[in-house]
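Worksheet: the structure to be examined is printed underneath.
The values are calculated or read from the model by the stated rules, or taken from the named source; none is laboratory data. Bear in mind the structure is a predicted one, so any value in this text is a computation, not a measurement. Cβ placement follows ideal geometry from the backbone for every residue including glycine, while neighbour counts extend to all protein chains displayed. All accessible areas refer to the heavy atoms of the entire protein, side chains included, with ligands and DNA or RNA removed. Shrake-Rupley method; radii C 1.70, N 1.55, O 1.52, S 1.80 Å.
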Amino acid sequence: MEPHYRPQSVSGAFCDLSYSFIGKTETYVVDINVILQQYNVKDVPAIIAKAKQFRRPNEKKNITLSSYLDRWKSVDQETIMKLQKIYSVDIEMFGYPRQPY
């Protein structure tokens, strides 16, 4: 399987390590704030602003929750079921909903 689409559960040692925090791309800004504050990093907004300078162009797209959900509504149920099977461990491990919309 193409590495970018490989389930995270087979990409790393998630069950072998004891994580104190798992961040998600969907909640990146909140997650990074939590981590930086845990380590008493000062001026968190400035650090985040500086980090945003290094994002790739495709990461700057403004994809809202509603546009995300609209995209899933066009996917047929058979494909969704196949994806659920492939990513079932990830869905459970990371607390994602079984239905994407």
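For this structure, a couple of remarks:
- Computed from label points 7 Å out along Cα-Cβ, the spacing between Q99 and S66 is 2.0 nm.
- Sites E92 and Q53 - FRET efficiency at Förster radius 35 Å, r taken between beta-carbons, to 0.05: 0.45
- Solvent-free Debye scattering, log10 I(q)/I(0), computed from the Cα coordinates of the chain at q = 0.16, 0.18, 0.21 Å⁻¹: -0.99, -1.17, -1.32
- Assigned charges on the beta-carbon of Lys, Arg, Asp, Glu; the stretch 1-53 dipole about Cα centre (debye): 180
- Applying 0.36 nm per residue to the separation of K73 and K42 and subtracting their alpha-carbon distance, the gain on full extension is 6.9 nm.
- With contributions of -39500 (n - 2.57) from each DSSP H run of at least four residues, the per-residue ellipticity at 222 nm computed over the chain stands at -13000 deg cm²/dmol.
- Nearby aspartates and glutamates by direct alpha-carbon distance to K42 (threshold 16 angstrom, same-chain neighbours under 8 apart not counted): D31
- Between S9 and K85, the contour length at 0.36 nm per residue exceeds the Cα-Cα span by 26.1 nm.
- Dipole magnitude for the chain: about 400 debye, using +1 per Lys or Arg Cβ and -1 per Asp or Glu Cβ, origin at the Cα centre.
- The shape of the stretch 1-54 comes out oblate: with a ≥ b ≥ c from the C-alpha gyration tensor, a/c is at least 1.5 while a/b does not beat b/c.
- In Å², nearest 10: area of E78 left accessible to a 1.4 Å probe: 110
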